[in-house]
Amino acid sequence: MKHTVVAWMEDRPGVLTRVASLFRRRNFNIESLAVGHTETPGISRMTFVVDGDQRMVDQTVKQLEKLVDVTEVHDVTEKPVVMRELALIRVKTTPETRPEVMQIVNIYRAQIVDVALDSLVIQAVGRDDRVDSLVELLSHFGIMELTRTGRVAITRGRTTTNGNGRKMGI
């Protein structure tokens with residue numbers, strides 16, 4: 001089963017290496033990893049997607065919590081969350097195929113962000129299964145380049161956390 005784990009950590013050199021090493025020692029393959037700044041200065045947020053059973057993920061979360069630079073960790077797999085992924089896709093087009101590609105882009109509510117004579121660059125944001133579906137459809141036209149951010153997630157509801165172990169009401 002795929003698990004989504006969110007970790008807050010101090011924004012220092014080497015932290016990503018320590019966290020990735022922990023997953024490697026546990027023999028987890030990180031399927032996606034997204035890192036970015038948070039609303040708290042000096043704290044970054046990492047979202048991991050890993051495949052494993054619940055017991056192994058629970059042990060890894062406990063190990064992550066023991067790392068000095070990690071301030072908070074949550075497995076949000078079973079929680080109500082908003083999950084999104086960004087993909088940029090360069091698709092080969094001809095004058096004959098361009099309208100069909102544009103129609104598919106509209107159906108998926110994606111955007112064309114760059115146009116060239118022989119290609120379009122498409123930006124898609126959404127659940128990873130929806131992005132997968134768009135990529136599969138566009139592959140019939142010839143994908144020249146593809147990059148994806150990996151999953152990011154934020155819990156639904158009024159209570160949130162700021163990565164310092166304190167819950168904040170809105």
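The values are calculated or read from the model by the stated rules, or taken from the named source; none is laboratory data. Note that the structure is a prediction, hence the values are computed from the model and not measured. Don't worry about glycine lacking a Cβ; one is built from the backbone with ideal geometry, like all the others, and counts go over all protein chains shown. Heavy atoms of the whole protein, side chains included, go into the accessibility calculation; ligands, DNA and RNA do not. Shrake-Rupley method; radii C 1.70, N 1.55, O 1.52, S 1.80 Å.
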Query raised in the report: Can you find even one residue in segment 46-58 that is closer than 19 Å to residue 125 by Cβ and not in a helix (DSSP H, G or I)?
Result: yes
Query raised in the report: Would you pick out the residues in segment 81-92 that are open to solvent by less than 90 Å² (accessible area, probe 1.4 Å) and either in a loop (DSSP other than H, G, I, E, B) or in contact with a Phe, Trp or Tyr (Cβ under 9 Å, 6 or more places away or on another chain) (or both)?
Result: 91
Query raised in the report: residue 105 versus (1) open to solvent by 60 Å² or more (accessible area, probe 1.4 Å); (2) part of a helix (DSSP H, G or I): which is the lone unmet condition?
Result: (1)
Query raised in the report: Somewhere in segment 93-100, is a residue under 28 Å from residue 2 (Cβ atoms), touching a residue at least 40 places away in the same chain (Cβ under 8 Å), surrounded by 12 or more Cβ atoms within 10 Å (Cβ to Cβ) and in contact with a strand residue (DSSP E or B) (Cβ under 9 Å, 6 or more places away or on another chain)?
Result: no
Query raised in the report: Quick one: in segment 43-62, which of the residues that are over 10 Å from residue 3 (Cβ atoms) and free of Cβ contacts under 8 Å to residues at least 24 places away in the same chain is surrounded by the most Cβ atoms within 10 Å (Cβ to Cβ)?
Result: 62
Query raised in the report: Here is a list of conditions, (1) part of a helix (DSSP H, G or I); (2) farther than 30 Å from residue 28 by Cα, and residue 121 meets all of them except one; can you say which number that is?
Result: (1)
Query - Any hit, segment 62-82, residues being farther than 19 Å from residue 152 by Cβ and either acidic (Asp, Glu) or within 17 Å of the chain's Cα centre (by Cα) (or both) - result: yes
Report task. Take the residues in segment 12-41 that are in contact (Cβ under 8 Å) with a residue 24 or more places away in the chain and assigned to a helix (DSSP H, G or I), then tell me which one is most open to solvent (accessible area, probe 1.4 Å). Result -> 18
Report task. Give just the number: which of (1) open to solvent by 40 Å² or more (accessible area, probe 1.4 Å); (2) acidic (Asp, Glu); (3) in contact with a strand residue (DSSP E or B) (Cβ under 7 Å, 6 or more places away or on another chain) does residue 69 not satisfy? Result -> (1)
